[in-house]
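Taken together, the values in this text are just the output of simple stated rules run on the coordinates, not laboratory data. Worth saying up front: this structure is predicted, and the values here are computed from it rather than measured. Using ideal geometry, Cβ is built from the backbone for each residue, glycine included, and neighbour counts are taken over all protein chains shown.
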Ligand SMILES: *Cc1c(COP(=O)(O)O)cnc(C)c1O
């Protein structure tokens, strides 16, 4: 395996299953659709951050850390999985969250952060998050504690290595280039770790298909440069000797709508489609938007009928309940 020499602990149920989506494929008259269930990684309702945390927590333990610090939005799936991983390993966890809009209730991931025992610190706005993390780290050091800081989404070279593992699950069995059964791998991309890890795995395994991240919040040029930089760092971390530039990254940012976490008919319809055609729950912020993008690309004829498209379900279903008002269709 590409990651054999890297410190890792076990947190996720792996390999995650891959399931066909026959009713959706027929309904769309499009390619053969499949879903890889990284929403079923198993840690406190699962999601894509759990793969990253297998490497991040191994690194934290190797450094003798006793407390994790990580940032996110009030409905962050990443902070919830980090809080669960900390509990599982016996570390403390401080999550620095962006204050939600007035009137927001403690539910969804915010509630789970509390139940999992995370110490929640609120930042007034996005610009205050990183300074508050620094303050918390200094406070902890002054108390003789050893903090370990995990960036947004767990997306550094250590964390994103988890998605090199995922790419090996998807296509590592292919004995020769072109032997992978999936022609396209499509998923939601935000902090870029999932995207970068899959891209590195694809190149290392000589995957001939396309690894396509659908942006949920970044402009296309910004996302491509972030992912290229991260991919190059992962490659160095694993000693693979690969380099990546923005042109090596496949990204689509045509579905940003009203911005991060703003739910419109686009996401509402994608979520209903997957739920009602396949009994598959998507989340409001990431997979609802990315799957909506995939459906739109299918309708525009982006894929051949005989191609196989794998949608990577990155999780987030816990947030559905925090968006109940926005998700219901009002008449
Ligand atoms: C964090 C997250 C993503 C984005 O993954 P990145 O590695 O940050 O790009 C996608 N889907 C869900 C549900 C997430 O929680």
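List of remarks:
- D (Stokes-Einstein, µm²/s), Kirkwood Cα radius, the range 56-102, 0.890 mPa s at 25 °C: 221 µm²/s
- Orientation-averaged projected area, Cα convex hull of the range 185-225 (nm²): 2.7 nm²
- Cα pair count fraction exceeding 16 Å, expressed as % - the range 235-331: 63 percent
- Note on the range 133-210: percent of Cα-Cα distances in each 10 Å bin, starting at 0 and stopping at the bin with the largest distance, equals 18, 36, 21, 13, 9, 2.
- Separation of alpha-carbon centers, the range 190-247 and the range 122-169, rounded to whole Å: 20 Å
- Mean projected area (nm²) of the alpha-carbon convex hull when the range 28-78 is viewed from all directions: 5.6 nm²
- Packing-based order for 286-298, 213-225, using average beta carbon neighbours within 10 Å, highest first: 286-298, 213-225
- The range 114-243: C-alpha pair distances exceeding 21 Å, %: 52 percent
- Shape category assigned to the range 175-294 from the gyration tensor of Cα positions, a/c cut at 1.5: oblate
- Per-residue ellipticity at 222 nm computed for the chain from its helices equals -12500 deg cm²/dmol, with DSSP H segments shorter than 4 residues left out and the rest contributing -39,500 (n - 2.57).
- Debye-sum result for the range 199-252 in log10 I(q)/I(0), which assumes one identical scatterer on each alpha carbon, at q = 0.17, 0.22 Å⁻¹: -0.50, -0.80
- Counting every pair of alpha carbons in the range 116-168, the share spaced more than 12 Å apart comes to 74 percent.
- Note on the chain: Cα Rg divided by 2.2 N^0.38 Å, N the number of residues, gives 0.96.
- By definition, a body whose alpha carbon gyration tensor gives a ≥ b ≥ c is oblate when a/c is 1.5 or more and a/b is not larger than b/c, and the range 34-120 fits this oblate description.
- For the range 1-65, the C-alpha radius of gyration sits at 1.52 times the compact-globule guess of 2.2 N^0.38 Å, with N the residue count.
- DSSP beta bridge pairing in the chain, given as percent antiparallel to the nearest 5: 10 percent
- If you look at the Cα atoms of the range 50-179, you get an Rg and a Dmax of 16.4, 55 Å.
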